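Novice: One structure, as structure tokens, below. Some questions next.
The values are calculated or read from the model by the stated rules, or taken from the named source; none is laboratory data. Everything numeric in this text was worked out from a predicted model, so none of it was measured. Neighbour counts run over all protein chains shown; Cβ positions are idealised from the backbone, glycine included.
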Amino acid sequence: MQVPEPEYAVARQRPSRGMYVLPSAFTAGNIAFGFYAMTQSVQGINGGDACFDRAAMAIGFAVLFDGLDGRVARMTNTTSDFGKELDSLADVVTFGVAPALLAYVWGFRMLPLDLYPYLRERIVPLGLVICFLFLICGACRLARFNISVNPQPRNPGRADRKYFVGMPIPAGAGVLCSVIHYFNGSPIHNPLISVVWLLLIMGTGFLMVSSWRFWSGKEISLGDRHPFRTVILLAALIAVLAFFSEIALIVLALGYLVSGVIARLAYSWGREHRRIAA
């Protein structure tokens, strides 16, 4: 006969109620960085290039906090429906509203009035619409992620690896902010360059709502049998980001974006090749 486990042992296995606050604290930090980024974007209209750079870096730090809150919740066994909903709302604010506002002010609102006035009159309203669509794409990406059960990308990868279906919204925000940080917050002054910026925002928004495969990085863990190499790689990455943040961040962000496009093209080419061979 199986002896029931004592009540004190069951209580000891459950985390204390105060532990549930820990992952929510990281989520609150995520929202704080997003709010700070929005205030800096508004101040950048009259406050100089440094405001835009601080806004971009704040969203970058929010990406770190967004990755930590989920890991902390799983490590402490404090995952909850409340935490998931709070995390989704935080992502809409920090990686949807904040980068959309920053992208509009930095790339379109700061265009000079005397240079290509005819083009500026048309690119600024169009940029406002495209930045809003970026926000909508990010919100739809989060909504789809919340209701999906074992989603499958159209270009599936190896069975032993986990992938995101569509670019995650933190990565989409990171693409825009890495470009702004690369230029140290100096806004665009040429409407022709704003067209390129417009296309980048459109492409990033499309990749978020697409069903293309993007690497999740969930197989990286410090609990492996040989975590030494992982620790060394993380330390090297932190050092590179600390000393060469402008170049390192834009390479990482754009490289992640291009990786999803390459994976999709490679899958389409391979499928067409197999169809012809058959």
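Novice: For segment 164-207, give me each residue that is on the phi > 0 side of the Ramachandran plot and under 14 Å from the mean Cα position of the chain (by Cα).
Specialist: GLY166, the sole residue that qualifies.
Novice: Sort out which residues of segment 112-122 are without any contact (Cβ under 8 Å) to a residue 12 or more places away in the chain and assigned to a loop (DSSP other than H, G, I, E, B), and write them in order of number.
Specialist: Answer for segment 112-122, where residues must be without any contact (Cβ under 8 Å) to a residue 12 or more places away in the chain and assigned to a loop (DSSP other than H, G, I, E, B): LEU113, ASP114.
So that you can scan it fast, the table gives a plain yes or no per residue for (1) at pLDDT 90 or above; (2) on the phi < 0 side of the Ramachandran plot:
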| site | (1), (2) |
| --- | --- |
| GLY67 | no, yes |
| MET75 | no, yes |
| THR78 | no, yes |
| ALA90 | yes, yes |
| THR94 | yes, yes |
| ARG109 | yes, yes |
| TYR116 | no, no |
| LEU119 | no, yes |
| ILE123 | yes, yes |
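Novice: Of all residues being free of Cβ contacts under 8 Å to residues at least 12 places away in the same chain and within 17 Å of the chain's Cα centre (by Cα) in segment 242-264, which is surrounded by the most Cβ atoms within 10 Å (Cβ to Cβ)? Just the residue, please.
Specialist: Filtering segment 242-264 for residues that are free of Cβ contacts under 8 Å to residues at least 12 places away in the same chain and within 17 Å of the chain's Cα centre (by Cα), the one surrounded by the most Cβ atoms within 10 Å (Cβ to Cβ) comes out as ALA248.
Novice: If you don't mind, another one. Between a residue in segment 216-240 that is more than 18 Å from ILE250 (Cα to Cα) and any residue that is at pLDDT 75 or above and among the hydroxyl-bearing types (Ser, Thr, Tyr), which pairs come within a Cβ distance under 8 Å, given they are 6 or more apart or on different chains?
Specialist: Once the first residue is more than 18 Å from ILE250 (Cα to Cα) and sits in segment 216-240, its partners that are at pLDDT 75 or above and among the hydroxyl-bearing types (Ser, Thr, Tyr) give SER216/TYR163.
Novice: Looking only at helices (runs of 4 or more DSSP H) that fall completely inside segment 43-111, which ones have 1 or more residues that are within 21 Å of LEU249 (Cβ to Cβ) and without any contact (Cβ under 8 Å) to a residue 40 or more places away in the chain?
Specialist: 49-75, 98-104
Novice: Identify all residues within segment 162-196 that are farther than 22 Å from CYS140 by Cα and surrounded by 18 or more Cβ atoms within 10 Å (Cβ to Cβ); write none if there are none.
Specialist: SER178, VAL179, ILE180, HIS181, TYR182, GLY185, PRO187, ILE188, PRO191, SER194
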